[in-house]
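**Q** Have a look at this one.
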Amino acid sequence: MLGLVGSHWGLGSDVLTDIFAPDADRATRAELARYQRACSSAETARALLALSYELDVSGCLGRVRAPTLVVHRTGDRAAPVAQAEALASGIPGAGLTLLPGRSHLPYAGDRDELVRVVRRFLGLPVARRRAGGLTPRQREVAELVSQGCTNREIAARLGIDERSAEGHVERIRLRLGFRSRAQIAAWYSERRDSTVG
């Protein structure tokens, strides 16, 4: 990564974006990559990335006295779960919550669940999920999945790009705790049948 960022900053910023925010939609990923290039030269980006690889705070963790919650996504492509576990175990009394998802950046992926976890930790009221736990657009996508549509077909029907359709399907899967499109289809069909019947 260091070599790529240092020698091909355009491609390097795209790859970093795909590592840190794979669950973000295409437009957000493109804007994040542009932002990185506008804010940093290749040399500075490489130096910052190298610093992040070298940084070790493990010796300081035992001195943390504030109530601490470590929240980490299970498929985080930038940092393995083992790092979150080490952070939580090194801070006295810290809790660890693992959420589904691949993005390291908190605003990418299922941020609603992240907000609920943080609010619960802070003792604040937690908003209820919408019916079915999905946004209106996600319910629309779930319906198309239940009809057997591919991501390309979903994109064509909704007038979005294929990568956005893929992101919607992934967020639906994560939000509902499913592992496959078939489970989304079965869930949608069951809900449809129960409202009709």
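The values are calculated or read from the model by the stated rules, or taken from the named source; none is laboratory data. Owing to the predicted nature of the structure, the values given are computational and were not obtained by experimental measurement. Don't worry about glycine lacking a Cβ; one is built from the backbone with ideal geometry, like all the others, and counts go over all protein chains shown. Each accessible area value is taken on the protein alone, full model and side chains, heavy atoms only, with ligands, DNA and RNA left out. Shrake-Rupley method; radii C 1.70, N 1.55, O 1.52, S 1.80 Å.
**Q** Could you tell me how many of the residues in the range 100-113 are more than 9 Å from the chain's Cα centre (by Cα) and closer than 18 Å to PRO80 by Cα?
**A** 0
**Q** Inside the range 1-31, can you point out the residues that are within 16 Å of ARG163 (Cα to Cα) and either in contact with a strand residue (DSSP E or B) (Cβ under 9 Å, 6 or more places away or on another chain) or buried (at least 20 other Cβ atoms within 10 Å of the Cβ) (or both)?
**A** The first filter runs over the range 1-31 and keeps only residues within 16 Å of ARG163 (Cα to Cα), leaving 14-15, 17-19, 21-31.
Selection gives THR17, ALA21, PRO22, ASP23, ALA24, ARG29.
**Q** If we only count helices (runs of 4 or more DSSP H) wholly inside the range 80-197, which ones have 1 or more residues that are of a type in the set (Gly, Ala, Ser) and open to solvent by less than 80 Å² (accessible area, probe 1.4 Å)? First the steps, then the outcome.
**A** Details: elements: 81-90, 111-122, 136-146, 151-158, 162-176, 181-196.
Per the criteria, 81-90, 136-146, 151-158, 162-176, 181-196.
**Q** Another one. THR74 fails exactly one of the following numbered conditions: (1) farther than 22 Å from ARG179 by Cβ; (2) at pLDDT below 95; (3) among the hydroxyl-bearing types (Ser, Thr, Tyr). What is the number of that condition?
**A** Of the numbered conditions (1) farther than 22 Å from ARG179 by Cβ; (2) at pLDDT below 95; (3) among the hydroxyl-bearing types (Ser, Thr, Tyr), the odd one out for THR74 is (1).
**Q** Would you tally the residues in the range 2-57 being closer than 26 Å to GLN83 by Cα and among the basic types (Lys, Arg)?
**A** So the count comes out to 2.
**Q** For ARG26, indicate whether it is of a type outside the set (A, V, I, L, M), touching a residue at least 60 places away in the same chain (Cβ under 8 Å) and touching a Ser or Thr at 6+ places or on another chain (Cβ under 8 Å).
**A** Yes; evaluated as a whole, the condition is true for this residue.
**Q** Given the condition touching a strand residue (DSSP E or B) at 6+ places or on another chain (Cβ under 9 Å), surrounded by fewer than 19 Cβ atoms within 10 Å (Cβ to Cβ) and touching a residue at least 12 places away in the same chain (Cβ under 8 Å), answer yes or no: does some residue in the range 54-68 qualify?
**A** Yes, the range 54-68 contains at least one residue that is touching a strand residue (DSSP E or B) at 6+ places or on another chain (Cβ under 9 Å), surrounded by fewer than 19 Cβ atoms within 10 Å (Cβ to Cβ) and touching a residue at least 12 places away in the same chain (Cβ under 8 Å).
**Q** For the range 135-166: of the residues being aliphatic (A, V, I, L, M) and in contact with a helix residue (DSSP H, G or I) (Cβ under 6 Å, 6 or more places away or on another chain), which is nearest to GLY109 (Cα to Cα)?
**A** Within the range 135-166, the subset aliphatic (A, V, I, L, M) is 141-142, 144-145, 154-156, 158, 160, 165.
Next, from what is left, pick out any that are in contact with a helix residue (DSSP H, G or I) (Cβ under 6 Å, 6 or more places away or on another chain): 141-142, 144-145, 154-155, 165.
Numbers: VAL141: 16, ALA142: 17, LEU144: 21, VAL145: 19, ILE154: 20, ALA155: 19, ALA165: 14 Å.
Checked the range 135-166; the qualifying residue nearest to GLY109 (Cα to Cα) is ALA165.
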